1. Restricting the search to the stretch 78-123, which residues are modelled with pLDDT under 80 and farther than 23 Å from ILE166 by Cα?
2. Just to be sure before I move on: is TYR218 in the same structural domain as LYS24 (by TED's automatic domain parsing) and surrounded by fewer than 16 Cβ atoms within 10 Å (Cβ to Cβ) in the structure I sent?
3. Given the condition touching a residue at least 60 places away in the same chain (Cβ under 8 Å) and among the basic types (Lys, Arg), answer yes or no: does some residue in the stretch 181-189 qualify?
4. Given the conditions (1) out of contact with any Phe, Trp or Tyr (no Cβ under 7 Å at 6 or more places or on another chain); (2) at pLDDT 95 or above; (3) not basic (Lys, Arg), and given that LEU363 satisfies all but one, which numbered condition is not satisfied?
5. For residues that are touching a residue at least 60 places away in the same chain (Cβ under 8 Å) and surrounded by fewer than 23 Cβ atoms within 10 Å (Cβ to Cβ), scanning just the stretch 143-158, find the one that is farthest from the chain's Cα centre (by Cα).
6. Can you tell me which residue in the stretch 124-173 is modelled with the highest pLDDT, limited to those that are in a helix (DSSP H, G or I) and of a type in the set (Ser, Thr, Tyr)?
7. Being at pLDDT 95 or above and of a type in the set (Phe, Trp, Tyr) is the filter here; which residues of the stretch 188-225 pass it?
8. What number of residues within the stretch 13-27 are surrounded by fewer than 12 Cβ atoms within 10 Å (Cβ to Cβ), more than 31 Å from the chain's Cα centre (by Cα) and not aliphatic (A, V, I, L, M)?
Amino acid sequence: MGNEDIQKKIDEIEAEMARTQKNKATNYHLGTLKAKLAKLRSELINGPGGKSAGSKDSGRGFDVSKSGDTRIGLVGFPSVGKSTLLTTLTGTRSEAAAYEFTTLTCIPGTMKYKGARIQVLDLPGIIEGAAEGKGRGRQVISTARTCNMILIVLDSAKPLTHKKIIEAELFGFGIRINQKPPNVKIIKKENGGIGYQESVSQTKGMNADVCRVVLKEYKISCAEVILREDITVDQFIDVIEGNRAYIPVLYVFNKIDALTIEELDILDQMPNYVPISSQHGWNIEELMESVWERCNMLRIYTKPKGVRPDYDAPVILHSEKNPTIEEFCNRLHRNLINEFSHALVWGKSAKHQPQRCGKDHVLEDEDIVQLCKKSGAVNK
């Protein structure tokens, strides 16, 4: 089946969904349609029998090696100021001009902030239909999936239109913006049919019948399904697909120098946004601080025995993973944990200063750590 035929089926299903009233009686039918739609979209992006969106072989991204402590990507329409923003943040020159598609490949730069080295990728401008391969859309979005965070750069003169299009393109390629993976477990079995359990009451459309019809569409006939939070059918399909990328996103409204105070007040009602002017360098400090907070970065200072802590070169960890001393050791050297005896910790995570801790102790921002191996302090 060609792409035109697939798109025609997608349009038909979307039209039928639009006609169907949403209530308990239609949940079963809508669940079937949503599952069919997700499979067709995946086939449109990857081809019949191709890899799912986001797999290693689908929509190969730009070949840029990861470096630094965190990677963020600049995504937006052409000529919104991404190249100028890259230069402002990192000092890296990315060709900028007043015409579209100036940047034709991925330009990396490094931003230093609070001791962290943050890799910033200036990605080519995307257009509507990017997830289906228009322009360099697949390469751009595939590379965006490798980032710890995405900055969606918007022209403040027309932010809402561009915002909706970019969100739809990222969604179509399996990126879930500012979401966490649903707390759902699907355990496939050899036999026994479909087992369905809810530990939380479902109010967003999921129930045992919808679960079974969606699984049937994916040819799963025997499985145990456990829902530990209230989710939508779309979120359940995401869990089945198993290839979604859950990435924090910050909306950067550029060119605010062209707006009135009244227009800025309207933009200020939107969540997860920072207004800037990359050309004039306005509000860049707030942007850098927002990136730091949303990437959940922590600074951990090393303290060799008998000397002051090294405040100039912190080890950067990420708080959403509840970073332990073992992870701290692994960042310093992969074999260090094999010689580890205990650690002395000063800071917020310590009950007293210092506290003797094991490898499972969870660290907090600006903790000071002295590692000790079985024969004495690790001089690292």
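1. Correct list: ARG93 only.
2. Against the criterion (in the same structural domain as LYS24 (by TED's automatic domain parsing) and surrounded by fewer than 16 Cβ atoms within 10 Å (Cβ to Cβ)), TYR218 qualifies.
3. Within the stretch 181-189, none of the residues are touching a residue at least 60 places away in the same chain (Cβ under 8 Å) and among the basic types (Lys, Arg).
4. (1)
5. The selected residue is ALA157.
6. This residue is THR143.
7. TYR196
8. Going through the stretch 13-27 one residue at a time, the tally reaches 4.
The values are calculated or read from the model by the stated rules, or taken from the named source; none is laboratory data. Remember, predicted model here, so these are calculated numbers, not experimental data. Neighbour counts run over all protein chains shown; Cβ positions are idealised from the backbone, glycine included.
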